[in-house]
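K.L.:
Let me give you the structure first, and then I'll get to my questions.
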Amino acid sequence: MRFVRFVTVSLLSIFILTGCGSIPMAKMSSNHPNSHSVSKGKANQVEDKDAVLNPKNPDAAAFKNMGDLAFVRKGLLYTLNGKTGEVKQLTYSGQASNPSWSRDGQWLAYLNVPNPYAGFGSLCLVRRDGSQAHQVKGLPGPAVTFSWSPASDILAAGDQNSRLWLVPADGTARSLAEFGSFAWSSDGRFLAYSSTLPSSNPATRTDALYTVNINGGKPIQEVAPSEGQISVAACWPDDKGLLYWLAPFHGVSVMADGLNLWSLWLGDRTPKLLTSCLVNKDWLSFSPQGKLLLVKGNSRFPWENKELAIADPKAGSVNVLPSPKGDVALDPSWSPDGKYIAFVAAKDMGASWSATPNPFSKWQGTRFLWVENSDGSGAHPLSAAGNGISRPVWSKDGSSILYARDDALWLIKADGRSAQRIIAGSSSTSSSTSSKEGNSPDSIDYAWFQP
């Protein structure tokens, strides 16, 4: 639905509701009652008070000079400036989802989805100051996935019609290929993507994996299994190879319980099997030394058969790290220097456990933040972080860890001191009933930019 809302601010300001929600067409005066910026603990009045953060929510002092946060509250997109402590509202209607910072932190991309649980939506862009907000031009319909280039202000985006597009931040989308999944090279020069090969029998169709230079050139077929569905996981940090999951046949259900993860040198059509794990890119990360940290284990349920492992993607070797006794290990994160690992340990409930809502809530309460050395030694909990933890991420200087808890964002010193809430939870959601990717008990949607 489209409508026009008029607001008077000295001169007339016009707001147009597009596929990305209300977009300001003229700058709003900071002292106008409809300004949605929260700065230095003082909140301006707004039409929908429930949609705006309580000024007491952000702890600007704790996040001082830690970068910038983008986060979603009640469907609206906000940023927290780590230098000034200012909370700025960037959207005024709609349902924002999956915020993501550009390489230089000047742009935010997000999906405007029809409801909080939808896996598709209008792909939208807005500058960090709230200007130049727009829906991406040229896409024929909703996007289902997108990712910024690591080297420039260009997005790769996939639509519901299985087309892969290149999207400049201030331009029109350009069709690139038919795809099933994709990943950027670490230098942003090329994309790796999977595509289903032509077949007269849908039941036996198979995929091929390609790389293509984003500046032009013919796609290169890197590997084409005799059968199965490819999901591209990541390129190696030096871009000499890549990782992908392979399903024995096409289908969502077979992927849900985990797939074999393969590693392939580019130019070598003989991949190496690493291990079996869930198809979850958030559970894969590389150290500065090029080692791959992952969550090993099948089963779609996070409360059983999950342990951390470190793989050498070039050699094909895998070393399983010990888990705390009686626990599964989830949500791993490398420290910036690759010497430490932050992760979530939670009670291993086994395969026979039934996660009805109440027991599931209790299991979430067993999720604690741990830190260990890169070889798995010295594992210890950071008890001050509390329980119900998910998605720990290290600060760039290695001094602190950001994590989600109770639908809020918290920051704790890496040595376990001084856990402080940065963004408070939303009163309209409950951490006991929401989930993200089947493994996160919280519902807060955020992205952290660290210059």
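K.L.:
Report whether or not Thr275 is at pLDDT 95 or above, out of contact with any Cys (no Cβ under 6 Å at 6 or more places or on another chain) and under 24 Å from Ala157 (Cα atoms).
P.N.:
When the stated conditions are applied, Thr275 does not pass them.
K.L.:
Quick check on Ser374: is it surrounded by fewer than 20 Cβ atoms within 10 Å (Cβ to Cβ), of a type outside the set (D, E, K, R) and more than 18 Å from Leu294 (Cβ to Cβ)?
P.N.:
Spelling it out, it is not the case that Ser374 is surrounded by fewer than 20 Cβ atoms within 10 Å (Cβ to Cβ), of a type outside the set (D, E, K, R) and more than 18 Å from Leu294 (Cβ to Cβ).
K.L.:
Then there's this: Just a yes or no: is a residue in the stretch 405-425 modelled with pLDDT under 90, part of a loop (DSSP other than H, G, I, E, B) and among the hydrophobic types (A, V, I, L, M, F, W, C)?
P.N.:
yes
K.L.:
Would you call Arg189 surrounded by fewer than 19 Cβ atoms within 10 Å (Cβ to Cβ), basic (Lys, Arg) and either modelled with pLDDT of 95 or more or within 29 Å of Val318 (Cα to Cα) (or both)?
P.N.:
yes
K.L.:
Determine if the stretch 270-290 includes at least one residue that is in contact (Cβ under 8 Å) with a residue 24 or more places away in the chain, more than 19 Å from Ser390 (Cβ to Cβ), more than 25 Å from the chain's Cα centre (by Cα) and assigned to a loop (DSSP other than H, G, I, E, B).
P.N.:
yes
K.L.:
What strands (runs of 3 or more DSSP E), lying completely within the stretch 310-360, carry at least 2 residues that are in contact (Cβ under 8 Å) with a residue 40 or more places away in the chain and of a type in the set (Lys, Arg)? Spell out how you get there, then give the answer.
P.N.:
Numbers: elements: 317-320, 327-334, 340-347.
Filter on the stretch 310-360 gives an empty set.
K.L.:
Here is a follow-up. Mind listing just one residue for me: the one in the stretch 192-218 that is among the hydroxyl-bearing types (Ser, Thr, Tyr) and farther than 22 Å from Thr270 by Cα and, of those, surrounded by the fewest Cβ atoms within 10 Å (Cβ to Cβ)?
P.N.:
Among them, the one singled out is Ser200.
K.L.:
Condition first: polar (S, T, N, Q) and over 23 Å from the mean Cα position of the chain (by Cα). Now tell me which residues in the stretch 322-347 satisfy that.
P.N.:
Matches in the stretch 322-347: Ser323 only.
K.L.:
I'd like the full set of residues that are out of contact with any strand residue (DSSP E or B) (no Cβ under 7 Å at 6 or more places or on another chain) and either under 21 Å from Ser323 (Cβ atoms) or not in a loop (DSSP other than H, G, I, E, B) (or both), limited to the stretch 361-400.
P.N.:
Ser361, Lys362, Gln364, Asp375, Gly376, Ser377, Ser383
The values are calculated or read from the model by the stated rules, or taken from the named source; none is laboratory data. Values in this document were obtained by computation on a predicted structure and should not be read as measured data. Please note: Cβ atoms are built from the backbone with ideal geometry, for glycine as well, and neighbour counts cover all protein chains shown.
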